[in-house]
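The values are calculated or read from the model by the stated rules, or taken from the named source; none is laboratory data. For clarity, every value in this text was computed on a predicted model and none was experimentally measured. Because the Cβ atoms are built from the backbone with ideal geometry, glycine has one as well, and the counts that use them run over all protein chains shown. We work out accessible area using only protein heavy atoms, side chains counted, and drop any ligands, DNA or RNA first. Shrake-Rupley method; radii C 1.70, N 1.55, O 1.52, S 1.80 Å.
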Amino acid sequence: GAGVSQTPSNKVTEKGKYVELRCDPISGHTALYWYRQSLGQGPEFLIYFQGTGAADDSGLPNDRFFAVRPEGSVSTLKIQRTERGDSAVYLCASSLTGTGDTEAFFGQGTRLTVV
Amino acid sequence: AQSVTQPDIHITVSEGASLELRCNYSYGATPYLFWYVQSPGQGLQLLLKYFSGDTLVQGIKGFEAEFKRSQSSFNLRKPSVHWSDAAEYFCAVGPNNAGKSTFGDGTTLTVKP
């Protein structure tokens, strides 16, 4: 596609439920990133994929959060046993190579609300 | 640990006036610095970036930023603001990796007619 696509754009779930958030990066981009943006704050890095592998998952807050990118393209962020504190906008970005003078392109995000 | 401070939560300027948004960073190595803009309902858009070389960086939409290593700053400027510039602006610092950055908490810009 022309840009990074995230689905759904909005997700409301009950506390304790499991959710999956999807990211379709720009075609050909090998690097993919997930961020979380809470109200009034800047984006917070969660995880970085280079190809199919998670090159850096240091930002995942706990083991309820997991992300995959099985074919090196689409990625899914999975959150188990959701908590109200997980409510935020989840942003995905992709870049051509992930290093050097390349730009990261962001999607419009998925707004997750845990009630 | 790396961090970014944007001291101004909210700035209001008149259309046509000049603009400076402040950004201070803490980073243990040579920083890669970025400014992004986020409009309501839109994704983050890169305005400009500094990797190396000339410390005055030109970006899109008439923005520029100056890297000052001695002050650990990377302030964003625009000589004449347009109403369409109203948005939230984020400064970010990171390693040599396009998307793995630490962001500040943003500055909201309001433009008065």
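Numerical summary
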{"read-out": "Residues within segment A:60-115 that are modelled with pLDDT of 95 or more, part of a loop (DSSP other than H, G, I, E, B), under 21 Å from A:S5 (Cβ atoms) and of a type in the set (S, T, Y), tallied", "value": "1"}
{"read-out": "Counted residues, segment A:29-54 - those being surrounded by fewer than 16 Cβ atoms within 10 Å (Cβ to Cβ) and farther than 16 Å from A:A88 by Cβ", "value": "3"}
{"read-out": "Filtered residues of segment B:62-81 (kept if in contact with a strand residue (DSSP E or B) (Cβ under 7 Å, 6 or more places away or on another chain) and either open to solvent by 60 Å² or more (accessible area, probe 1.4 Å) or in contact (Cβ under 8 Å) with a residue 60 or more places away in the chain (or both))", "value": "B:R77, B:K78, B:V81"}
{"read-out": "Matching residues, segment A:1-28, being modelled with pLDDT under 95 and either surrounded by 12 or more Cβ atoms within 10 Å (Cβ to Cβ) or charged (D, E, K, R) (or both)", "value": "A:G3"}
{"read-out": "Filter result for A:F105 (within 30 Å of B:I9 (Cβ to Cβ) and open to solvent by 30 Å² or more (accessible area, probe 1.4 Å))", "value": "yes"}
{"read-out": "Subset tally (residues that are in a strand (DSSP E or B), facing another protein chain (nearest Cβ under 10 Å) and under 12 Å from the mean Cα position of the chain (by Cα)) for segment B:1-49", "value": "7"}
{"read-out": "Residue in segment B:90-110 that is away from chain A (no Cβ under 14 Å), modelled with pLDDT of 95 or more, open to solvent by 10 Å² or more (accessible area, probe 1.4 Å) and touching a helix residue (DSSP H, G or I) at 6+ places or on another chain (Cβ under 9 Å) present", "value": "no"}
